[in-house]
Amino acid sequence: MTKVFWDACGVIHIDYLEKGKTITGEYYSKLLDRFDVDSKQKRPHLAKKKVLFQQDNARVHTCLVTMAKIHELRYELLPHPEYSPDLTPCDYYLFPNLKTWLSGKRFESNEEVITETSAYFESLEKTYYLEGIKKLEKRWTKCIELKGDYVEK
C-alpha cells in the first residue's frame, strides 16, 4: 500500500507500507509527523501558513489518535462526505494514471515497484499536480451545487 501526500506543486511525501502490515492510528500518526517534516523542507515558504489537509473518512483517518495528531500539527481538516471517492484526488486522479503506467509490467520485488512508482511521480510535470487540485475544486463545487447528490435532477 502506498500513501501519497501531494499538493499543487507535486509530491511531498510517499509512504510504502511494508508487506503484511496494516495502517493503524498510531502508524498514521507517525506518518503525519514524517509528512510534516517533509512539507517544511520541501515547501519552506509555507512553513508558517496553515495546512489545509484533505483525506477521506477511512477509520484510520478519523480515529482519536489521528485527530489528535492533526490538531497537534494545527492542520485544518477539510470536510469529506462519507462514501465519496469522487472527492479524493488520489482516487479519481493520481492512482488511475499510476495504474495505467504500471499495467503490464512485472516486478520481482517490492523494491522494483517502489523504484518504478518513484520514477513515475518524478516524471510528471508540475502542472499535472495543479490540474488535479483544480479538478478537486470543480468536483467540490458540483457536489455543493447538487447538495451532495450525484445526479442532476
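Relative to the compact-globule estimate of 2.2 N^0.38 Å, the Cα radius of gyration of the chain comes out at 1.10.
A 1.4 Å probe run over the protein chains yields, for the range 2-146, 65 Å² of accessible area per residue, whole-number rounding.
If you take every DSSP beta bridge fully contained in the range 2-146, what fraction is antiparallel? Give it as a percent rounded to 5.
75 percent
The values are calculated or read from the model by the stated rules, or taken from the named source; none is laboratory data. Quick caveat, the model's predicted, so the values are computed rather than measured. Accessible surface is based on the protein model in full, side chains and every heavy atom, while ligands, DNA and RNA are left aside. Shrake-Rupley method; radii C 1.70, N 1.55, O 1.52, S 1.80 Å.
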